[in-house]
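K.L.:
Got a structure for you, written out below as structure tokens; questions coming shortly.
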Amino acid sequence: MVVRGSISYIPIEDIRCPACGGERIVYDPERAEVICLECGLVLKDHIMDLGPEWRAFDEEQRERRTRVGAPTTLTIHDKGLSTDIDWRNRDGTGKGLNLQGRIQAYKLRKWQRRVRVSDSIERSLALALAEVDRMISMLELPRNISEMASLICRLAVQNHIAKGRSIESMAAACIYAACRINRIPRTLDEISQVSRASKKEIGRSYRSLIRTILPKLSRVPPAKPLDYVPRLVSQLKLPGEVQVKAVEIIEAASKLGLTSGRGPIGLAAAAVYLACVLLNCRKTQREIAQVAGVTEVTVRNRYKELIEQLKFTILL
């Protein structure tokens with residue numbers, strides 16, 4: 001804030017005056033002008049003020065005076081733009097409604113639910129987004145995954161990609177695709193555990209998304225073993241040295257071409273186990289396999305391949 005006399009200016013950076021080349025460019029909120037303090041040139045005038053016309057001096061006053069609702073979201077079929085009648089049977093002053101008022105409120109709520117869903121496409125979308133929200137909550141995924149999965153689900157329903165497939169499998173496939181796009185390490189097995197559809201159905205729905213919607217929306221990178229290492233180390237409560245060593249092992253294996261054709265989660269589990277052996281951290285193959293969601297045989301086979309190809313000498 002720049003104050004000259006009784007006038008307060010807001011400084012603006014990275015702008016030079018075209019007349020004198022001065023850098024002291026400020027915004028005058030009273031006159032809605034951008035001016036140069038060096039020569040007085042008015043760079044912009046009649047600027048529209050997009051802020052509120054009221055003032056608030058604390059958070060409580062700001063919440064009370066604001067007249068807008070929550071921001072739009074893709075996780076609701078109508079993007080949260082429609083109104084909702086509260087379930088509490090109270091009037092505007094907070095008093096309880098009488099019997100006639102409660103009956104009328106019940107009828108209004110019923111018609112409100114019916115009006116919000118106008119056709120079969122919106123009905124399918126509402127059910128699919130509710131299923132996406134349920135699985136996102138169970139998997140404890142962040143908000144951006146929820147928004148991305150909802151966007152993919154919305155496009156699938158609107159383009160009739162979900163036609164002929166179960167809503168549960170399509171919702172799970174959208175979550176898996178969102179995790180792949182944002183490089184969040186979640187396997188198809190983990191998602192199928194919280195879904196009401198089988199792994200085979202989810203795989204079919206995901207392949208249909210890959211062929212139709214996802215190439216136009218975003219690039220889907222392949223799953224890499226490095227993405228799973230921090231998660232395995234965190235769940236096994238191992239020190240940071242194990243994670244660093246496991247990353248070095250996977251990078252060395254990648255240069256030799258050992259990562260191609262192998263499951264990324266199994267290779268990551270084997271690298272973590274090998275790092276534990278090298279750093280004398282007591283973790284068994286069974287413990288690592290259970291956390292990774294693979295079998296002990298997979299961890300053992302990948303471990304043997306790493307030992308043979310990387311020329312490690314383990315002193316037992």
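The values are calculated or read from the model by the stated rules, or taken from the named source; none is laboratory data. As the structure is a prediction and not an experimental result, all values here were calculated from the model. Note that each Cβ is placed from the backbone with ideal geometry, even for glycine, and that neighbours are counted across all protein chains shown.
K.L.:
Please give the number of the condition residue 209 fails out of (1) crowded, with 16+ Cβ neighbours inside 10 Å; (2) free of Cβ contacts under 8 Å to residues at least 60 places away in the same chain; (3) not assigned by TED's automatic domain parsing to the domain that holds residue 153.
P.N.:
Every condition holds for residue 209 apart from (3).
K.L.:
Of the residues 110, 79, 95, 163, which single one is surrounded by fewer than 19 Cβ atoms within 10 Å (Cβ to Cβ), at pLDDT below 90 and at positive phi?
P.N.:
Every option except 79 fails the conditions.
K.L.:
If a residue counts only when it is hydroxyl-bearing (Ser, Thr, Tyr), which strands (runs of 3 or more DSSP E) contained entirely in segment 1-120 have at least 1 such residues?
P.N.:
Of the strands (runs of 3 or more DSSP E) lying wholly inside segment 1-120, those with at least 1 residues that are hydroxyl-bearing (Ser, Thr, Tyr) span 7-12, 25-28.
K.L.:
Among the residues of segment 51-106, write down those that are farther than 25 Å from residue 158 by Cβ and of a type in the set (Val, Ile, Thr). Spell out the reasoning first.
P.N.:
Narrowing segment 51-106 to residues farther than 25 Å from residue 158 by Cβ: 51-68, 85-106.
Passing the criteria: 66, 68, 85, 93, 103.
K.L.:
Name every residue in segment 129-156 that is in contact (Cβ under 8 Å) with a residue 12 or more places away in the chain and polar (S, T, N, Q), in order of residue number.
P.N.:
Across segment 129-156, the qualifying residues are 144, 146, 150.
K.L.:
Sticking with this structure for a sec: Do any residues in segment 187-198 that are farther than 17 Å from residue 228 by Cβ have Cβ atoms under 6 Å from those of residues that are of a type in the set (S, T, N, Q) and surrounded by 14 or more Cβ atoms within 10 Å (Cβ to Cβ), where the two are at least six apart or on different chains, and which pairs are they?
P.N.:
197/166; 197/169
K.L.:
Looking only at segment 223-234, decide whether some residue is modelled with pLDDT under 85 and under 19 Å from residue 294 (Cβ atoms).
P.N.:
The answer is yes, given that some residue of segment 223-234 is modelled with pLDDT under 85 and under 19 Å from residue 294 (Cβ atoms).
Yes/no per residue for (1) buried (at least 19 other Cβ atoms within 10 Å of the Cβ); (2) in contact (Cβ under 8 Å) with a residue 40 or more places away in the chain; (3) closer than 23 Å to residue 188 by Cβ; (4) outside the structural domain of residue 294 (by TED's automatic domain parsing):
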{"site": "234", "(1), (2), (3), (4)": "no, no, yes, no"}
{"site": "249", "(1), (2), (3), (4)": "yes, yes, no, no"}
{"site": "252", "(1), (2), (3), (4)": "no, yes, no, no"}
{"site": "257", "(1), (2), (3), (4)": "no, no, no, no"}
{"site": "261", "(1), (2), (3), (4)": "no, no, yes, no"}
{"site": "266", "(1), (2), (3), (4)": "yes, no, yes, no"}
{"site": "272", "(1), (2), (3), (4)": "yes, yes, yes, no"}
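K.L.:
Within the set of pairs 6+ apart or on separate chains, which have a first residue in segment 71-100 that is of a type in the set (D, E, K, R), a second that is surrounded by fewer than 11 Cβ atoms within 10 Å (Cβ to Cβ) and outside any loop (DSSP other than H, G, I, E, B), and C-beta atoms under 8 Å apart?
P.N.:
Matching pairs, first to second residue: 90/96.
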